[in-house]
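Encoded as structure tokens, the structure appears first; notes follow it.
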Amino acid sequence: MSNDTPIPVTVLTGFLGAGKTTLLNRILSEQHGKKLAVIENEFGEVGVDNQLVIQSDEEIFEMNNGCICCSVRGDLIRILGRLMKRKDKLDGILIETTGLADPGPVAQTFFTDDEMRTRFRLDSIVTLVDAKHVVQHIDSSPEVKKQIGFADVIILNKTDLVTPAELSALEYRVHKMNGAAKLHRTQNAAIDLQHVLNVGGFNLSRATELDPEFLAPDYPFEWAGAYLLPAGAHDLVIGHCDHGHEGHDHAHDHEGHTHHHHGNENELDIVIMPVKSLDEKDLAAAREAAVLVFADWENRVKPGESVTPGGTLHRLLLDHGHGHYPLTIAQPGHYLVFEGCGEEPLHIQVAGENVRPSWQEDYEHHHSHDDEVSSVGISTPGDLDGKRLNDWIGNLLKTKGGDIYRMKGVLAVKGSPNRLVFQGVHMLFDAKFDKPWGASPRTNTLVFIGKNLDRTALNEGFKACLA
Amino acid sequence: MNLAKHWAATLDDYVIDLGWSSDGSLLATASAAGPVSLFAADDGAKTATLPGHDDGTNCLTWHPSQPLLATGGQDGKVKFWDAPSAQHTASAELGGAWVEHLAWRSAGSTAQPSQSLLAAAAGRNLAVFNPDGSTRHAFPPAPKTISALAWQPAGGALAAAYFGGVCLWDADDFVVQKEFAYANGIHALVWSPDNRWLVSGNQDPSVHLWLPEQNDEFHMSGYESKVKELSFDRDSHWLATGGGRDACLWDCTGKGPEGREPTMLPHEAKVCAVAFQHTHGLLATASQDGTLHLWSPERKQPLRATVKMPAPATKLAWSPDDRLLAVGSEKGIVYVLKCEG
């Protein structure tokens, strides 16, 4: 074979005006000495000399009686086939889609046959988002949602046209829809090209490439802290303390993140769970238990009334954001306090002195948009039963493949010393054994991005595959 | 039997197409980058370099009886060239898309010059041209991009394939004779020399055979990968196909290949070209590892000769007298091999 290594392909999507042409021109003028081919849409206007620019009219081939999962771009098959016919191999291919293009058939084109798989490597799908105008389309446009959902890299462009708060809100929303994509903020599509080209985004090779924060499931609480408490009658204090002690710190990384209080601002939901130790296993068990309690009926507690550890959801009734609640501890030990809204300062006083939490964690919790496009991440240690995994994925794709835009994962399969790396688009699916686990813990990480995903069913289905 | 190097030449890029003039005196070769070179069959002397097409040439084809060459390219044009004078004689436009498929109506049907027609496809557009470059007829656009063209050997019909089917156009009044639905991509079309069979090589991967006269059809699947390579032998007996590590031969005599075991001619790598001789029985097959085999399918030990080339073959073309085999390669080298013994 004269062409051993596959040619990397970058797909640029985004609405008209999002900045695709600007980015393309930037790539072409900055990538001197590299031979790139650009396949641009029929309205394309890339104008850089000495580069191979091919215009293409979108032509959808429905390989299997109109099944969307089996739709591919016939024009791309043809053009890519012609681009293989060169003595000197191309360094890369850029595909610019029209503003309304569905990225699905573009991505599926690279699964069409073995020739496509061996000659080309879909490096990443890069979606440009017009930070100013996307809010006008995002609710009404399935195309925008798909373009965000399919992306490996999302560039929020034209950030100079929006306020920091608007940008953070958009970023948060986009991240919720597609937690696996790398997000970048730009003006004039000015981005270091290492974030766009050869990023290896499509083929997930390391579990660490997934954003661990994203992988946290959606909890009904926003903050939890662990306190080591002696037996006795203590005090749970909500609101700023009179004597200026530091409470727990809610470190919100998103600058300008607008945290509006949800529900009644003079109510705060609290669950206090005993926990054996601060080992991750015990913490996780307490967290799971708290999730159930949060789903329970609330017990309304007026200031001055006492709260107890265990399976009770306390709804603290605050007085202008303040309240003191006696907390009686029978058994000394570690206690986890789960707080429904992480914005409320919370203190536990033992003999009038604040106890510092020995451990704490923030849980992102969204109240703003319930986009139908979302991502579900699963991260579970342990080995999987190969056959059950195969059956589960097979059945899942058969029944839900139309709604699943993308999936990626790194899995530990019982009996194999190597990581199983997989990725898919709709029903098309590619899995191969990658490098050995070696000393690193055998942990399964996978993410689904799509429409109307059932987080609970996906989690349960996956856990049932554990050996 | 031996395959000996007769001569070789180097082009500036991937050899995207090549073909012998009707009298066998010239070999035309097109590089993917654009230039078209003409070589003397006897000694490999380059007799002309034609500029070909801006942005690249895709295909070429010789007139069945005159030294007239037609080429198609990424500039959306069909160009006509007079070989002896190396002059560009005419250009025709086909709507802007790449011209990817050209086919002259075959010699048997062109006793009268007025019967001489070049079919060309670019995108969904299909047209037939006179040798002077004027348009004889422009067909209504196909439902999808045209992916293969083949004249019926008797010259009565032109088959044009696209994703979704094959249309048979009447060669005289340009109306639809027949339409065959096929719900997948088609990469290649070939007719059997006796006009009985029309065969497509498909994406799914399979070959599909139609008997247009009998309104009958057969489907042969089980290939490793898409089938882009098709060739019929002179007797319409064997259909050679690629689509995997073996060249696969179907016996098309009588009722056809259904229910018959194909003959498998093994290669070490994926087969990338197959070509039967015009009037003799040898089959040349090439694979991605640069190997070229010659076979006599009817023999018990069918393998007759093997040549190993440094780069995979892109195209194979037997000279009209079947003495010379021209091989284009991915690295731009053109080999002309002589069949001896």
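The values are calculated or read from the model by the stated rules, or taken from the named source; none is laboratory data. On a predicted model such as this, the values are computed, not experimentally measured, just so you know. A quick note on method: Cβ atoms are made from the backbone with ideal geometry, for glycine too, and the neighbour counts reach across all protein chains shown.
Things to note:
- Taking segment A:1-96 as the region of interest, the strands (runs of 3 or more DSSP E) fully inside it that hold 2 or more residues being within 30 Å of B:Gly332 (Cβ to Cβ) are A:7-14, A:36-41, A:52-56, A:92-96.
- Considering residues of segment B:196-209 that are assigned to a strand (DSSP E or B) and over 17 Å from the mean Cα position of the chain (by Cα) only, the residue nearest to the other protein chains (Cβ to nearest Cβ): B:Ser206
- Residue within segment B:308-316 that is touching a residue at least 60 places away in the same chain (Cβ under 8 Å), more than 15 Å from A:Lys87 (Cβ to Cβ) and in contact with a strand residue (DSSP E or B) (Cβ under 6 Å, 6 or more places away or on another chain) present: no
- A:Arg78 fulfils the conditions (1) without any contact (Cβ under 8 Å) to a residue 40 or more places away in the chain; (2) more than 14 Å from chain B (Cβ to nearest Cβ); (3) charged (D, E, K, R) except for a single criterion, (2).
- Yes/no for A:Val46 being under 26 Å from A:Gln194 (Cβ atoms) and either acidic (Asp, Glu) or within 14 Å of chain B (Cβ to nearest Cβ) (or both): no
- Restricting segment A:85-133 to residues that are among the aromatic types (Phe, Trp, Tyr) and more than 14 Å from every other protein chain (Cβ to nearest Cβ), the residue that is farthest from B:Asp17 (Cα to Cα): A:Phe110
- Selected residue [buried (at least 18 other Cβ atoms within 10 Å of the Cβ) and more than 15 Å from the chain's Cα centre (by Cα)] from A:Ala180, A:Ala131: A:Ala131
- Conditions (1) buried (at least 16 other Cβ atoms within 10 Å of the Cβ); (2) outside any loop (DSSP other than H, G, I, E, B); (3) at pLDDT 80 or above; (4) outside the structural domain of A:Leu268 (by TED's automatic domain parsing): number failed by A:Gln194: (1)
- Residues of segment A:433-457 satisfying the condition of being crowded, with 17+ Cβ neighbours inside 10 Å and touching a Lys or Arg at 6+ places or on another chain (Cβ under 6 Å): A:Val447, A:Ile449
- Unmet requirement for A:Ile154, which otherwise passes all of (1) without any contact (Cβ under 8 Å) to a residue 60 or more places away in the chain; (2) surrounded by fewer than 21 Cβ atoms within 10 Å (Cβ to Cβ); (3) not in a helix (DSSP H, G or I): (2)
- Selection within segment A:305-350 - among the hydroxyl-bearing types (Ser, Thr, Tyr) and in a strand (DSSP E or B): A:Tyr325, A:Thr328, A:Tyr335
- Whichever residue in segment A:114-138 is out of contact with any helix residue (DSSP H, G or I) (no Cβ under 9 Å at 6 or more places or on another chain) and not small (Gly, Ala, Ser) and, among such residues, is nearest to A:Gly17 (Cα to Cα): A:Gln136
To keep it simple, each residue is scored yes or no on (1) in a loop (DSSP other than H, G, I, E, B); (2) more than 14 Å from chain A (Cβ to nearest Cβ).
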residue	(1), (2)
B:Thr29	no, no
B:Ala33	yes, no
B:Ser37	no, yes
B:His53	yes, no
B:Gln66	yes, yes
B:Asp75	yes, no
B:Pro84	yes, yes
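- Segment B:322-341: number of residues that are within 14 Å of chain A (Cβ to nearest Cβ), buried (at least 22 other Cβ atoms within 10 Å of the Cβ) and out of contact with any Asp or Glu (no Cβ under 7 Å at 6 or more places or on another chain): 4
- Look at segment A:344-364: where a residue is surrounded by 19 or more Cβ atoms within 10 Å (Cβ to Cβ) and a partner is among the β-branched types (Val, Ile, Thr) and assigned to a strand (DSSP E or B), sitting 6+ places away or on another chain with Cβ atoms under 6 Å, you get A:Glu344/A:Ile238; A:Leu346/A:Ile238; A:His347/A:Val237; A:Ile348/A:Val355.
- Some residue of segment A:107-124 being over 30 Å from B:Ile186 (Cα atoms), in the same structural domain as A:Ile93 (by TED's automatic domain parsing) and part of a strand (DSSP E or B): no
- Any hit, segment A:71-82, residues being in contact with a Lys or Arg (Cβ under 7 Å, 6 or more places away or on another chain), charged (D, E, K, R) and assigned by TED's automatic domain parsing to the domain that holds A:Phe15: no
- When residues in segment B:149-186 are screened for being within 12 Å of another protein chain (Cβ to nearest Cβ) and touching a residue at least 40 places away in the same chain (Cβ under 8 Å), 1 of them pass.
- Scan of segment B:284-305 for residues that are surrounded by fewer than 21 Cβ atoms within 10 Å (Cβ to Cβ), more than 11 Å from chain A (Cβ to nearest Cβ) and free of Cβ contacts under 8 Å to residues at least 60 places away in the same chain, ordered by number: B:Thr291, B:Ser296, B:Glu298, B:Arg299, B:Lys300, B:Gln301, B:Pro302, B:Leu303
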